[in-house]
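The values are calculated or read from the model by the stated rules, or taken from the named source; none is laboratory data. Because the structure is a prediction, the values reported are computed rather than measured. All Cβ positions, even for glycine, are placed from backbone atoms using ideal geometry, and neighbour counts span all protein chains on display.
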Amino acid sequence: MAQADTLETIYALIAPLNKKGITLKPESTFASDLELDSLTVMDLVADIEDEFDIILPLNLLPDLETIGHVADAVEKITNKG
Amino acid sequence: MDLFDKFDPIVDLRASLPFKNTDPFKVVMDKILSETEAVIEGRHTILAGTNNYMGMTFYQEAIDAAKKALDDFGTGTTGSRVLNGTYGGHKALEATIADFYGMDHCMVFSTGYQANLGMISTLGGKDDFVIIDADSHASIYDACSLGNATVVRFKHNDIEHMEKRLKRLPADAGKLLVVEGIYSMLGDAAPLKEMLEVAKKYGCTTLVDEAHSMGFCGKNGRGVAEALGVEHLVDFFVGTFSKSVGTVGGFAVSNHPKFDVLRFVCRPYIFTASLPPSVIASATAAIEGIKRSGNRRAHLWANANQLHNGLKDLGFHLATQKAESAIIAVQVPDVQLGTKFWEQLLEEGVYVNMAAPPATPAGVFLMRVSVCAQHTSEQIETIIDRFKRTADIVGLNLK
């Protein structure tokens, strides 16, 4: 499970897109819970990349369904670097 | 479990569109009267959405060459390029294209889609990076899925966004930057000079897809890189015969000394039948023709500018500030109005492409018009008039 500060940083980036005002949790999904379309997700991915100064490869994206998945992926990449 | 159940949302979406009599998936061209006119549902229709930019589909020399090739070589090769499917004509076409681009090597593929699919999936290996624009054509995305490289995406035409990502990649890794000269949906040009200079600074190999710019961009019609004078920064050009060349097929050219090895390792090149001799012959004649077609190029640009200015003056919302290519994209606020507009315009006798997300960037809904060098300025004026009439009928507010 990802660190709290990683999750908080990602929550902050998602907040402006959280149109339904749901409570953000690691289990929240982008498609069903947040109802983000693929174009919005693309912009969000770019913001996360820039925030953490990493690359989230396109190949990885289909597996990242929840906020927790993304946070784990971010930490895996930052730790590797 | 019916495997087709997963498509139900798409079926429902299509059924929800307010089409009355026809829709874009039902359009059948019953007669092709010329490069610019057809009969659709019994109506005489101006074609303004066929990507036939240079109007080479009825180019006499191409037709004559194709007929002769049919008589001399038959209807098809029935084989792969690497088995029995390479005829003299295929080699001659490759030489013609290499000469056209002033490069050493050329490979001809059976479609433009396969040219991108093959080049990008083969060049980008498992330890390499492929860097693509977010608005890339489906063939580029599919190439990324087929290949094993790590795929990095940057915001459309955003040089700073691209550089930030290049900076994060290992300095010594293999990197392939893939961009298009003209993007097919909005018809906007890439800032190729700056992009290629930045890419080279970070050690990228560069591939430029000139599918929608070949024929009319640049003095000789080689594309946007020629127009901007940056061809020396391009390692691979990919292009198609299904637009300005007026038939079907694709190609890649390069000066790389090891280029020909791709014929042994590029699966979309190998595991498909080669193009029929008649297609090869007409493509060769059309490319020879395009070289000499300065007048067609000039008229095509005049048409694009006339259409852009005319629609802009009427208050239509256009995707680009000025005509950057032969594609003029008109934005319509939503899918309901868009479907009505498209159908009404067809009934007025103008065929354009209706384009909806996700094929379009940023969720926009488009009437995508592509002009042809063989459109007369009177036809362009008629298209503009019918856009205006259609807007009035369906209630599209103009600025």
Filter pass, B:VAL335 being on the phi < 0 side of the Ramachandran plot and within 14 Å of chain A (Cβ to nearest Cβ): yes
Out of all the residues in segment B:87-100, is one or more part of a helix (DSSP H, G or I) and more than 26 Å from the chain's Cα centre (by Cα)? yes
Considering each of A:LEU7, A:LEU36 in turn, give the residue that is surrounded by 15 or more Cβ atoms within 10 Å (Cβ to Cβ), within 14 Å of another protein chain (Cβ to nearest Cβ) and over 29 Å from B:LYS175 (Cβ atoms). A:LEU36
Kindly indicate which of B:PHE341, B:PHE365, B:PHE316 is within 14 Å of chain A (Cβ to nearest Cβ) and over 30 Å from B:ALA225 (Cβ atoms). B:PHE365
Please work out which one of (1) in a helix (DSSP H, G or I); (2) small (Gly, Ala, Ser); (3) out of contact with any helix residue (DSSP H, G or I) (no Cβ under 7 Å at 6 or more places or on another chain) is the condition B:GLY125 fails and give its number. (1)
The conditions are (1) touching an Asp or Glu at 6+ places or on another chain (Cβ under 6 Å); (2) outside the structural domain of B:ILE40 (by TED's automatic domain parsing); (3) not aliphatic (A, V, I, L, M), and B:LYS399 fails exactly one of them. Which is it? (1)
Would you check which residues across segment A:1-32 are free of Cβ contacts under 8 Å to residues at least 24 places away in the same chain and more than 23 Å from A:LYS76 (Cβ to Cβ) and list them? A:ALA15, A:PRO16, A:ASN18, A:LYS19, A:LYS20, A:GLY21, A:ILE22, A:THR23, A:SER32
Would you mind finding the one in B:ILE159, B:ILE140 that is in contact (Cβ under 8 Å) with a residue 24 or more places away in the chain, closer than 22 Å to A:THR40 by Cα and touching a Pro at 6+ places or on another chain (Cβ under 7 Å)? B:ILE159
Being small (Gly, Ala, Ser), surrounded by 23 or more Cβ atoms within 10 Å (Cβ to Cβ) and over 24 Å from B:GLY76 (Cα atoms), is that true of even one residue in segment B:231-246? no
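To keep it simple, each residue is scored yes or no on (1) in contact with a strand residue (DSSP E or B) (Cβ under 8 Å, 6 or more places away or on another chain); (2) of a type in the set (D, E, K, R).
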residue	(1), (2)
B:PRO9	no, no
B:LEU13	no, no
B:LEU17	no, no
B:THR22	no, no
B:MET29	yes, no
B:GLU37	yes, yes
B:GLY55	no, no
B:ASP64	no, yes
B:LYS68	no, yes
I need a count of the residues in segment B:28-54 that are out of contact with any helix residue (DSSP H, G or I) (no Cβ under 7 Å at 6 or more places or on another chain), surrounded by 17 or more Cβ atoms within 10 Å (Cβ to Cβ) and part of a loop (DSSP other than H, G, I, E, B). 4
Within segment B:162-180, restricting attention to residues that are within 8 Å of another protein chain (Cβ to nearest Cβ) and without any contact (Cβ under 8 Å) to a residue 24 or more places away in the chain, which residue is nearest to B:GLU231 (Cα to Cα)? B:LYS164
Answer yes or no as to whether B:ILE131 is within 10 Å of chain A (Cβ to nearest Cβ) and not in a loop (DSSP other than H, G, I, E, B). yes
Taking segment B:7-40 and keeping only residues that are free of Cβ contacts under 8 Å to residues at least 60 places away in the same chain and of a type outside the set (A, V, I, L, M), one is left with B:PHE7, B:ASP8, B:PRO9, B:ASP12, B:ARG14, B:SER16, B:PHE25, B:LYS26, B:ASP30, B:LYS31, B:GLU37
